[in-house]
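Q: My structure is below; once you've seen it, I'll send some questions.
Rule-based calculations on the coordinates, nothing more; no lab input. Since we're looking at a predicted model, the values are computed, not measured. Reconstructed Cβ throughout: ideal geometry from the backbone, glycine too, with neighbour counts over all protein chains shown.
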Amino acid sequence: MNRKAFLLCAALLFASLPAVQAAGPISYREIAMLLRNGEDQQFIIKDTARRKLLQPITAEEEQTLLSLRATPALIATLRDPSTLATPEAAAAYTAHLQQEKQRVLQEQQLAEQAAARARLELQRQQEQQKAQALANPAGPAPAPAGEFAGKPLTLKFTAADGSPVDVTKLRGKVVLIDFWATWCGPCMKEMPNVLAAYAKYHAKGFEIVGISLDKNKDTMLRVTAEKGMTWPQYFDGKGWNNEVSTAFHIQSIPAMWLVNKSGIVATTEAAGNLDAAIATLLAQ
């Protein structure tokens, strides 16, 4: 995963933060936003009557709503004293919003810290590679992962959940070997396609074996549980020095290999064309 991919990882973390959803009294700003988005004003009227208005609308705010084509019925609802929330309800909801704002800020800080750790890890790996190159300048360059295409795949390990995995015993099935990590933005962006393929083809003889380049096992297990990634995962906590990915010369992730029914690596570049590639191999 290159520097650009790590920055994308940080962006995806920010994008995944939950938005504060209105559950209490409705505010002028929310009403204005609904009008700008073209929301049905009868809905706004009913929602305001149900939730109550957080605070009275000022004359200036009323003019703004009129400029957004608020109907007389909506303006009348906002002017109605019975629509106004009680001081106690307004105060409680304001306090709730402040708590939510603080929570989101804390999550953003955690996301920034995670992105920073990812960048430091990349820098450390690059420095380590440079040091190794200086220590052995005449040494051969690592072979590309593509050299394994067209060859039988031998892969046997104990998964993170304790279950034994032996790819050679999956002959007769199409197997995806997915090299990934929770901190890898492109990996997580591709995961919905992997999950969709598993749901579509698993009953037809499709299996997945994950090779996680994570260092934190709890994080990896939490993400796989949340995403519904029920297939076995190899984990050794060594990050880029992961023993399986190193043995197979993986230099960037996500990396997706497909093994055909005969146990031969059909492709080491299945990402981006996963569904069609699986269908083709299952039909053979």
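Q: Using the alpha carbon gyration tensor of segment 148-283, what are the three equivalent-ellipsoid semi-axes (square root of 5 times each eigenvalue), largest first, in whole Å?
A: 21, 16, 14
Q: Now for a separate question. For the chain, the longest stretch holding no trypsin sites (Lys or Arg not before Pro) located in a DSSP loop with at most 15 other Cβ atoms within 10 Å is which?
A: The answer is 70-170.
Q: How far apart, in nm, are two points set 7 Å out from the Cα along the Cα-to-Cβ line at LYS101 and at GLN123?
A: It is 3.3 nm.
Q: How high is the relative contact order of the chain, in percent, counting Cα pairs under 8 Å that sit 6 or more residues apart?
A: Reported as a whole number, the value is 20 percent.
Q: Short version: ³J(HN,Hα) in whole Hz for each residue of segment 165-176, in order, from phi by Karplus 6.51 cos²θ - 1.76 cosθ + 1.60 (θ = phi - 60°), x for Gly and Pro, what are they?
A: 10, 9, 4, 5, 8, 9, 4, x, 10, 8, 10, 9
Q: Using only Cα positions of segment 28-84, each an equal point scatterer, no hydration layer, compute I(q)/I(0) via Debye at q = 0.13, 0.22, 0.27, 0.28 Å⁻¹ and quote the log10 values to two decimals.
A: -0.25, -0.78, -1.25, -1.36
Q: Just to check I understand the Karplus step: with θ = phi - 60° and J = 6.51 cos²θ - 1.76 cosθ + 1.60, what whole-Hz values come out for segment 108-123, glycine and proline as x?
A: 3J(HN,Hα) across segment 108-123, in whole Hz: 5, 5, 5, 5, 4, 5, 5, 5, 5, 5, 5, 5, 5, 5, 4, 4.
Q: How much length, in nm to one decimal, is gained on full extension between GLU30 and LYS46, taken as 0.36 nm per residue of separation minus their Cα-Cα distance?
A: Between GLU30 and LYS46, full extension yields an extra 4.4 nm.
Q: Share of antiparallel DSSP beta bridges in the chain, in percent to the nearest 5?
A: Within the chain, antiparallel bridges account for around 50 percent of the total.
Q: DSSP beta bridges in segment 148-283, what fraction antiparallel, as a percent rounded to 5?
A: Bridges in segment 148-283 that DSSP calls antiparallel: roughly 55 percent.
Q: Here's something else I'd like to know. Counting only the backbone N, which residues of segment 225-240 are under 20 Å from the spot 7 Å out from the Cα of THR158 toward its beta-carbon?
A: 231-239
Q: Amide H to amide H under 5 Å from ALA159: which residues, 5+ apart in sequence or cross-chain, H placed 1.01 Å off N in plane?
A: VAL165
Q: Per the helix-only calculation at 222 nm, which mean residue ellipticity applies to the chain, given -39500 (n - 2.57) for every DSSP H run of n ≥ 4 and division by its residues, nearest 500 deg cm²/dmol?
A: Taking each H run of at least 4 residues, the total per residue is -16000 deg cm²/dmol.
Q: Quick one: among GLU121, GLU190, GLU61, which has the greatest mean-square fluctuation in a GNM of the chain with alpha-carbon springs under 10 angstrom?
A: Highest fluctuation among the options: GLU61.
Q: Starting from the 7 Å offset along Cα-to-Cβ, what nm value, one decimal, do you get for the label separation of LYS261 and ALA279?
A: Placing both labels 7 Å along Cα→Cβ, they lie 1.8 nm apart.
Q: Same structure again: For ILE211, list long-range residues whose amide hydrogen, built 1.01 Å from N in the peptide plane, is under 5 Å from its own amide hydrogen.
A: Long-range HN contacts for ILE211: ASP178, PHE179, TRP180, TYR234.
Q: Would you kindly state how much longer the chain becomes between GLN109 and ASP218 on full extension, computed as 0.36 nm times their sequence separation minus their alpha carbon distance, in nm to one decimal?
A: Net length gain for the segment: 37.2 nm.
Q: Continuing with this model, one more query. Amide H neighbours of ALA271 under 5 Å, counting only residues 5+ apart in sequence or on other chains, H built in-plane at 1.01 Å?
A: MET256
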